[in-house]
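This report refers to the structure that appears directly beneath it.
Nothing in this text is a laboratory measurement; each read-out follows from the coordinates by a stated rule. Please read these numbers as outputs of a predicted model, since none were measured by experiment. For neighbour counting, all protein chains shown are included, and Cβ atoms are generated from backbone atoms with ideal geometry for every residue, glycine included.
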There are 2 protein chains.
Amino acid sequence: MTKVDVGKKVLSANEAYAQKNSQLLAQQGKPCFNLISSPGSGKTTILVRTITDLAGALRLGVIEGDIQTDIDAQRIRAAHAPAVQINTEGACHLSATQVHRGLTELPLDQLDIVLIENVGNLVCPSAFELGEDGKIVVLSVAEGDDKPAKYPAIFAKSKVLLVNKIDLLQGGLVDFDLEHVRSEARRLNPGIEIFPVSARTGAGMQNWYDWLVAQARRSG
Amino acid sequence: MTKVDVGKKVLSANEAYAQKNSQLLAQQGKPCFNLISSPGSGKTTILVRTITDLAGALRLGVIEGDIQTDIDAQRIRAAHAPAVQINTEGACHLSATQVHRGLTELPLDQLDIVLIENVGNLVCPSAFELGEDGKIVVLSVAEGDDKPAKYPAIFAKSKVLLVNKIDLLQGGLVDFDLEHVRSEARRLNPGIEIFPVSARTGAGMQNWYDWLVAQARRSG
């Protein structure tokens, strides 16, 4: 996001569509969450494992945001969930307008929850409301434990922090102090839920599933 | 970077300062490179190890770009190199204006090379010229081997690709096909130099040092 005078106007146009999305989701009673992280933190792998492990229990639909390619939507569809791929063609975040198109293309009446995977970017997507019920920030342990301090906005705004790739903590392969991240994230956002997980091994994923299922029950 | 009509005007104001920076660096005969990557790919760790290992052989100065905190500049100074910290206060990339301030604060006459560590963001910084001689993209193996395809702009524009954290490839801890990344990066950019390294263990770093030293010799 560049800091320019038109920022306010752009945000307002975006907010109008965000409101539309929020109303559409509320009418249909579908919770919707916006996953934000650096590139390569494992958002898609988390989604694929979640879809697979919750098959028969929770019906997930996904809006995939990427600058280019439909690699991620293909991975979601291979896990037997509906996915709409949005290519931003250079833009560094999803807009509410793009998500609106995604919502109209998903079979909402056959879903329990909609998950939006934003463009891999820990900065810009946090400034653009999409009409979601909450943001979920994903941080891979390989990225280091200084990220809440260095990129505070998204940690301050998220309902959930998924600390992913915790399998890499074994054997001291990466320098990452989970307790430091926990206290830094809570300093920015006392109410944030924190789930350490490995989408690769499945460790810790059940806590995340329980949270997701509770969100669907609250709306259902 | 939002896609808005003023984009062209913003880029032009930035380009004027980029040109100033480029002239200043050329007058002083100092090569300057702009390191760009996702958050947590290991840019600062690469810089710290490079400064330490090349102490006495190559004098490096660093301009550190971060949204908040001076954690990175402190790490550079602890390695006994001069560092100027720029806080972008929310902006997702360094501007040429900010880098101009950094260049005037660095003791240029006592340096052989200036390295700019941009804000951790694989998207936006690639669109803003800073007056540098070239961009260097850093990709950690933990981020996955699909990143050149998904974030092509920075791979297409960089002189060098540092594939970092190759120590994590041992034991199949991360799924990453180095040959796939090599061919994807070369498809986007046939002339790109590719150095697989581990800033943690030091593996492969000598190739990167040789390249850096050659850049200083060409300018000296």
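Using the Cβ atoms and a cut-off under 14 Å, what net charge is assigned to the surroundings of residue A:26, where Lys and Arg are +1 and Asp and Glu are -1?
With Lys, Arg at +1 and Asp, Glu at -1, the net is +1.
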### Message
Give me, ordered by chain and number, the residues 5 or more places off residue B:59 or on other chains with an amide H under 5 Å from its own placed amide H.
### Response
B:112, B:113
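Relative to the compact globular guide of 2.2 N^0.38 Å, what is the alpha carbon radius of gyration of the protein assembly as shown, as a ratio?
0.97
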### Summary
Under the Karplus relation with 6.51, -1.76 and 1.60 and θ = phi - 60°, whole-Hz ³J(HN,Hα) for the range A:63-76, x at Gly and Pro, equal 9, 9, x, 9, 5, 9, 6, 10, 4, 6, 4, 4, 5, 5
### Query
Long-range amide H contacts for residue B:42: which residues qualify at under 5 Å (H placed 1.01 Å from N, peptide plane, sequence gap of 5 or more or a different chain)?
none
### Query
Net charge near residue B:175, counting Lys/Arg +1 and Asp/Glu -1 over other residues with Cβ under 9 Å of its Cβ?
-1
### Message
To make sure I understand the rule: partners must be aspartates and glutamates, Cα under 14 Å from the Cα of residue A:147, and not fewer than 8 residues away in the same chain. Which ones qualify?
### Response
A:175, A:177, A:179, A:184, B:66, B:70, B:72
#### Entry: Estimated vicinal HN-Hα couplings, Hz - the range B:153-170 in sequence order (Karplus 6.51, -1.76, 1.60; Gly, Pro = x)
4, 6, 6, 6, 9, 8, 7, 9, 10, 9, 8, 9, 6, 5, 4, 6, 6, 5
### Task
Please find, in a Gaussian network model of chain B (springs between Cα atoms separated by less than 10 Å), the residue of B:71, B:136, B:86 whose mean-square fluctuation is greatest.
B:71
### Query
Taking amide hydrogens as modeled 1.01 Å from N in the peptide plane, which residues meet the under 5 Å criterion relative to residue B:164, leaving out close sequence neighbours?
B:139, B:140, B:141, B:197
### Task
May I have the count of lysine pairs in the range B:1-140 with C-alpha atoms under 19 Å apart, counting pairs 8 or more residues apart or located on different chains?
6
## Note on the structure
Residue-ordered couplings for the range B:192-201, obtained by feeding phi - 60° into the Karplus form 6.51 cos²θ - 1.76 cosθ + 1.60 and rounding to whole Hz (Gly and Pro as x), are 5, 8, 10, 10, x, 9, 10, 5, 7, 9
### Task
Please give the net charge around residue A:61, taking every other residue with its beta carbon less than 15 angstrom from that of residue A:61, where Lys and Arg add +1 and Asp and Glu add -1.
-3
### Query
DSSP beta bridges in the protein assembly as shown, what fraction antiparallel, as a percent rounded to 5?
0 percent
### Query
To the nearest whole number, what is the average tally of beta carbon atoms from other chains within 10 Å of the beta carbons of peptide A:125-133?
1
### Task
Count, for each residue of A:38-47, the Cβ atoms from other chains sitting within 10 Å of its Cβ, then give me the mean as a whole number.
6
### Query
Which percent, nearest 5, of DSSP beta bridges in the range B:6-219 are antiparallel?
0 percent
